């Protein structure tokens, strides 16, 4: 269910916050509309840390507050101009500069990406795999409770009892989705659409960054096209990575602009902090490494340490402690280390304490540092593996859904040509000429990300989770491939082949060997959670039934899969006091107790699914007892007269209206 | 003229960049030698040593090792996972 008002509000939040940030740096763009899109980029980047700060001082995460905060400064500026009679309609003319045309091209690429991602996301009624369902609970919690700290429940014994993607997981992604959900009743639509929109806007933000970075709007547009074609650059999978990678571009934009106006430091601080409160450390570490590589390379090339850029990065990390400091305060250092690394570090540290006196402190410290290093560079992860030449070279339509892999034949060749050309053509001027700085930084990014992707094949790993580095490798790959394309176009000129012909040929090759695979992968029907046990048709049937009831209706699944209810757009207060305890022993509750519980909490529907119920309860009660108890409870529910069957899909599930 | 403008850190940075690119190429070549059954076995063994037998015998981990070695996961007569190379 489309919410046009929420789409407008999203752009108002982003533009308002970005406009305020641009006022600080007095940035005026000569290209029409560019200022608007830069403001959107900065605003989307400001939102995460703003949300965390509001949450820290217990200001409700309410859309009206975000709207007010985003509009305060624009209204002040408008009022001032009105008072000074300086308001004037911008003059419009049909003549366009090259930069304006290139920007229009980037907007077209962004819109085509949005079309592709939304087409795929809405090709099925459910959410894919597991992560998106988890995020849906976080978004629902923020939307209703207007907080991004876990609820404090009696009897809570472990971290992340209810909300996996909030507290200690940095909450920005779920907060954004939650705030948007406050004005968009259908959470399923909200998550699918805005996730796709954020990724697509990232393509446009890349253009804005690349234009400043490479100093050429034509090169930036070509690189944007190549990035949009690379299969490994973000699928429409719903997770915090979509947001955090997108934030890299405005953050780098701000860092790059510091050289022209040091007030960009403040914007840089905010954007880096936002990166650190959007995803759970893994991507922030990698993105910060890439930013530090920029500072290191630029310091050498410019023959002076870039202290302002460095301060912006450090300041951002420090500002993010508003979240992380609170988490350490809440869970303790030991708790946080255990959360990220398991028992290994804590136990290695404690075993050192009881070890020899002479080496106790040093060995404890060194083992801790080593274990932390191993943890942040671990080449493990569910989707990580050794990658072969064909994994890079051939883009496949059948791919990983969360982070697809592959570059494509023509694009891979362009990267190789670009790499060799840049090293050969510029040689030492790469590290000594300001105009080549962006190329040098790009090559270091390429080395870092390529090495990271190959964490399981190279002698040692330098970044955590190789499969989640594919999306980052796409960034330098697009820039280097763009240089390769320009080289081939110039070569063509020498042989009297028009550059436009070479460019067309290359673009056609890129579309055919990368773009088609990316489009097919992103528009095909993706699988969903293992929750559904009956058949591949089952999640579709659930989707059809959930679509038949009003959004946010209270629905109770007998199986403990409340995130399924929430992800389909209905509601279940999984974080409410007493809910988890009731669920824990649900097979021991009679139909009357169940009815009392549901009616007290205003649940309208109860859903039974023999396969699902059995799957999630047998762990506690064992096979036989679960079967026996389920049979008994089902009979009670049927015969109690307290529940009225209203919908059934044979061999799948049955829905009861709670009387 | 151009050479004389380059200071030492810039020279070092350039050689570091070239060195890293060379290492990348070398490691990639070395990795390509592991694309066989022994590469698959090594991968599984490494996972077993690191996280235990139950972990490394999971279909997902076996699949990752096999795909990484350039093969296709299959099951033998006893139902045990193996990696097949065409």
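Odds and ends about this structure:
- For the range A:389-523, pairs of C-alpha atoms spaced more than 23 angstrom apart make up 39 percent of the total.
- For the pair residue A:495 and residue A:28 in one chain, pulling the backbone fully straight at 0.36 nm per residue adds 163.9 nm over the alpha carbon distance.
- Sequence-separation-based contact order of chain A, relative, with Cα cut under 8 Å and 6+ spacing, percent: 15
- The Stokes-Einstein estimate for the range A:153-206, based on a Kirkwood radius over Cα pairs and taken at 37 °C with 0.692 mPa s viscosity, is a diffusion coefficient of 252 µm²/s.
- Per residue, the convex hull spanned by the Cα atoms of the range A:225-296 amounts to 99 cubic angstrom.
- Taken residue by residue and averaged, Cβ atoms of other chains lying within 10 Å of the Cβ of A:459-465 number 1.
- Volume per residue that the Cα convex hull of the range B:37-84 spans, once the total is divided by residue count, Å³: 62
- Residue exposure proxy: B:83, A:314, ordered by other Cβ atoms within 10 angstrom of their Cβ from fewest to most, comes out as A:314, B:83.
- Radius of gyration over Kirkwood radius for the range A:538-658, both on Cα atoms: the Rg/Rh ratio is 0.92.
- Summary of the geometry: the range A:241-282 and the range A:128-151, compared by the centres of their Cα atoms, lie 25 Å apart.
- Nearest 10 degrees, 0 to 90: helix A:240-257 Cα axis against chain A principal axis: 30
- Range of Cα positions in the range A:4-275 per principal axis (Å), largest first: 65, 46, 35
- Taking the longest Cα principal axis of chain B as reference, the axis of helix B:59-68 is set at about 50 degrees.
- Counting only DSSP H runs of at least 4 residues, each contributing -39500 (n - 2.57), and dividing by the residue count of chain A, the helix-based mean residue ellipticity at 222 nm comes to -20500 deg cm²/dmol.
- Based on the convex hull around the alpha carbon atoms, chain A presents an average projected area of 34.0 nm².
- Chain B - Rg (one decimal) and Dmax (whole number), Cα, Å: 20.8, 72
- Each part reduced to its alpha carbon centroid, the range A:621-659 and the range A:530-580 end up 16 Å apart.
- Taking Cα atoms only, the orientation of helix A:321-341 departs from the longest principal axis of chain A by about 70 degrees.
- Over all pairs of different C-alpha atoms, the range A:24-67 has a mean inverse distance whose reciprocal, the Kirkwood radius, equals 12.1 Å.
- Centroid-to-centroid, using Cα positions, the range A:79-101 and the range A:369-434 are 43 Å apart.
- Among beta bridges identified by DSSP and lying wholly in chain A, the antiparallel ones come to about 65 percent.
- Potential lengthening of the chain between residue A:627 and residue A:602 amounts to 6.1 nm, from the contour at 0.36 nm per residue minus the alpha-carbon distance.
- Over the range A:533-608: Kirkwood hydrodynamic radius from C-alpha pairwise inverse distances, Å: 13.0
A short reminder: the numbers here are calculations on the coordinates, not readings from a lab. Predicted, not measured: the structure shown is a model, and the values here were computed from it. We place every Cβ from the backbone using ideal geometry, glycine too, and count neighbours over all the protein chains shown.
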